Amino acid sequence: MFTPHVPNGLARAAVRFKPSSFIGTFVALLLAAAIVCACGILLETGLRASAPADRYAKAPVVVAADQRVHMTVGSGEGEYDAAQPVPDTARLPGSLVAKAASAPGAAAAIGDVSYSVKQGGTPLTAHGWGSTAFTGTRLLTGEPPGTGEVVVPTGTGTRVGERITLDTPAGTREFRVAGTTATDATVWFADRQAVQLSGHPGRVDAIAVLAAPGTTTDTLADQVRKAVGHTDHAEVHTGDGRGAVEDAALTGATELLVGLGGSFGGVATMVAVFTAAGTVALSVGQRSREFALLRAIGATPRQLRRSIATESLLIAPLAGALGCLPGIALARWWFGQLQDRGAIPEPVELHVSWLPLTIATAATMLTALSAGYFAARKPSKSKPGQALAQSAVEGPPFGWIRTPLGIAALVGGGLFAGVAASTSGEDAANAALGVVMFFMLAVGLLGPLIARICAAVIGLPLRAAGVSGSLAAANSRTNSRRLASAITPIVLAMAFSSTLVFMQTSEERVVAHQQRDAVTADHIVSAPGGLASDATERAAATPGVTTAVGLLRSSVLVPTGSGGDRRLQSTSAQGITGSGSDLAEVQDLDVRSGSLTGLRPGTVAIDTTLAGSTKAGTGDRLALRLPDGTKANPKVVAVYGRGLGTSLLTFPAADLKAHMTSPYATDILVRATPAAAQKLTALGTVTDSSAYAAAQDENRELNAWANTVMAAVLGGFAAIAAVNTLVMTVLDRRRELTMLRLVGSTRSQVMGMIRWEALLVTVAGAAIGTGIAFATLYPMMRGLTGESPYIPPVLYGSFVAATVGLGLLAMVVPARAALRRAADRP
């Protein structure tokens, strides 16, 4: 029967007169609430992310293509849509403009395009003149452009009637200046010509629909939706939805925030709740003698359970509410850092509502109630005489429920490790996540048994450390449950931090080595904003240059995995201007099968890790989606081994250009004499292979920031929880420490025992955490990179030193305080 847990006198008295027993529980619950709250805020922000319309502010309805590629995964009731944003921009056929214009209530429909052009080295943005109907742009001089004409901003230095040369995605063209405007860095072509020069003729980025007088936005949207139908996955947008059409980065930001708040948030929440529950259980377990006395004087099992539940209700709501404050601060800092790094558009705002705060507080209360209930079952069910006897001795390390479950979790972790070792790519990474979660669960369930084994193994050398070492060994061996409660959060901190950080170091090392080995060119000509469309041809024609290959950087979507784990993976791709044999002169991709000489339109070369994920080899067709979401099925002509340092896919540039907004090469790899390098500076920045690799290293350092922050959040939380638990265990031993002093142990011997115990706990926790991290990293890295994980000795040493230092500090300081207080008593 359910009984409301109203506050009772026993619970209030326990909290009032023994606050030190609840401080550790309060801190653990507060930190758990902060983690849950921060991740919930990021998740809600991702789900509600929007940006106000700017360019389309005066167009009430905008039609755009669905910017996601959809793939149905699973079957039956388990079927779901695995959608992935397109790497570039999905576009609509130009024929839809007329259909949108025919909708009742539509005054006009303008097919809008936006792309980059260059005047010399100056980047400009090009649009069709028809877009001025909703942007409000006006001529200063001249007239609207016709075919072969352009309207330019006054800053270009040209006047009406003069000729201007512009480098467009369709090539370099000369135009007559038809007019000028006061806008900055924007040029306008005639609508039809703007589409032709965009590099994707016959397709438009979006359709802006203007309303006839008296037509409401909702009515117009409904009519336009009926007119365009579902052709090419066209979507009709109004309100802030128009802002998402303007800024394609909003879709990526949404995915990022949902991933952080959902995927990472799920793991972080589970770790936080798991740790907080362990702390609550430790707090209840430390009071077993108190509960035994209550049973001896007549308290019923129901009264004990109700008292513990009430204590939780007195502490958890306040801890949850206060924990939301650092949670909000963490979410704001994290969100601001992502915006500063360009991962989230500036117009997007952080949403802080009541929902994640309520969920965090409710999760904290549920955790405290559940942990307190399960921890109270044994003392409340014991008979009064048995309860007093059991409170005086350490219980067995085995349990009828937790031990079989722990063994099952251990076996599950081993099975996942085997799966991860036998697969590759994303499949290996996903299986490795199961490894760390199962092993962590096993540590939590088998904690007392693991602690007793650690005490037996490490206790052998401790006995040779004198009286203090012998005391520490004996204490650890006979109090395995207390030792387990201290080891578990240390294992959490070490395992998760090591996995996230050393995954990054392993990937960086492989990428750096592959890149340095892959680039065999004498010189690299680069321009972050893109080189001129004819830069590769000009480089090849430069005296002293024997080979010049342009590289166009992009990403495509490739279906990977199998069965229910099948998904679309965003994969790096490079398009080459030149032949495959030319590429072999400037890039050593370590070809394993096939040949780059067969690389021509309609073909592709792929990296070995991607070949393993897609089960594709030389001669097979690889189904994929190009940067704008267009389906393609190129033939695999080569499989190579250095894709992590270059790109996982290599295409002829012609296959990518028509599907990209900015189809300009970013790099030209050149074989040339030293004298030719000076002449190449007219095309862009010229560096040698070592300087080029160093620049790429800097970019990877920026990308590593996200993993570092996640490691800091998880590892930092687990480290604080470990310190909190260690302090709780030492403060609970004040009676024991005082007794040791009374029976003749010196203060030095007692403090030496504490230091040896701290060393035992931290070394055991660090060793087990390292083992879990390595068991996770090894199959993951073998699948993702084909190599073993790389653990920098200095970085790992700092982790161990920090763990040991925190453990010593957390145990020595409260022990000194306890001994000082005992000495002050008469």
Given H placed on each backbone N at 1.01 Å, which residues far from Leu599 in sequence or on other chains put an amide H within less than 5 Å of it? Gly580
Largest-first semi-axes in Å of the equivalent ellipsoid built from the Cα gyration tensor of the stretch 717-776 are 29, 13, 7
Relative contact order computed over the stretch 523-687 (Cα-Cα under 8 Å; 6+ residues apart), in percent: 39 percent
What FRET efficiency would be calculated for the residue pair Trp333, Thr358, taking the C-beta separation as r and a Förster radius of 35 Å, to the nearest 0.05? 0.95
Given Cβ charges of +1 for Lys and Arg and -1 for Asp and Glu, the option among Leu740, Val761, Thr729 whose Cα lies farthest towards the positive end of the dipole of the stretch 721-767 is Leu740
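Please give the charge dipole size of the stretch 61-246, origin at the Cα centre, charges +1 on K and R Cβ atoms and -1 on D and E Cβ atoms. Round to the nearest 20 debye.
680 debye
Please find the FRET efficiency linking Ala712 to Thr251, where r is the Cβ-Cβ separation and R0 is fixed at 35 Å, and quote it to the nearest 0.05.
0.80
I want the local charge near Ala548. Using Cβ-Cβ distances under 10 Å, sum +1 for each Lys or Arg and -1 for each Asp or Glu among the other residues.
Value of the local net charge: -1.
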Distance cut-off 17 Å, percentage of C-alpha pairs in the stretch 766-826 lying past it: 60 percent
Taking N as the number of residues in the stretch 304-367, what is its Cα Rg relative to 2.2 N^0.38 Å? 1.53
Along the dipole axis of the stretch 562-694 (charges at Cβ: +1 for Lys and Arg, -1 for Asp and Glu; origin at the Cα centre), the most positive-end residue among Gly629, Ala676, Val686 is Gly629
Label-point gap, in nm, between Ile453 and Val794 - each point 7 angstrom along Cα→Cβ: 3.5 nm
Report, for the stretch 61-246, the % of DSSP beta bridges that are antiparallel, rounded to 5. 80 percent
Tell me the label-point distance for the pair Ser570, Arg600, using the 7 Å Cα-to-Cβ offset, in nm and rounded to one decimal. 3.4 nm
Multiply the residue gap between Ser662 and Asp534 by 0.36 nm, knock off their C-alpha separation, and tell me the result in nm, one decimal place. 44.7 nm
What is the spread of the Cα atoms of the stretch 523-687 along each of their three principal axes, largest first, in whole Å? 56, 32, 23
If packing is taken as the average count of other Cβ atoms within 10 Å, what order do 39-46, 518-525 fall into, highest mean first? 39-46, 518-525
For Glu787 and Leu809, compute 0.36 nm times the residue count separating them, minus their Cα-Cα distance, and round to one decimal in nm. 4.1 nm
For the stretch 672-817, what class follows from the C-alpha gyration tensor (a ≥ b ≥ c being the square roots of its eigenvalues): rounded when a/c is under 1.5, otherwise prolate if a/b is larger than b/c, else oblate? prolate
Using the basic label-point model (7 angstrom from Cα toward the beta carbon), what is the Arg735 to Thr141 distance in nanometres? 9.6 nm
Charge dipole magnitude, Cβ of K and R +1, D and E -1 - the stretch 523-687, Cα centre, debye nearest 20: 360 debye
Just to compare against my own numbers: the Cα pair-distance distribution for the stretch 61-246, 10 Å bins, whole % per bin, please. 9, 33, 30, 20, 6, 2, 0
When the charge dipole of the stretch 523-687 is computed with +1 at the Cβ of Lys and Arg and -1 at the Cβ of Asp and Glu, the Cα pointing farthest to the positive end, of Ala532, Gly578, Ala616, is that of Ala616
Would you mind checking which residues have amide H under 5 Å from Tyr790's amide H? H placed 1.01 Å from N; only 5 or more apart, or other chain. Ser506
Quick one: if the Förster radius is 41 Å, what FRET efficiency do Thr300 and Ala408 give, using the C-beta to C-beta distance and rounding to 0.05? 0.70
Might you report the magnitude of the Cβ-based charge dipole of the stretch 136-180 about its Cα centre, with Lys and Arg at +1 and Asp and Glu at -1, to the nearest 20 debye? 80 debye
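Read-outs throughout are calculated quantities, based only on the coordinates presented, and are distinct from any laboratory measurement. These numbers come from a predicted model, not from an experiment. All Cβ positions, even for glycine, are placed from backbone atoms using ideal geometry, and neighbour counts span all protein chains on display.
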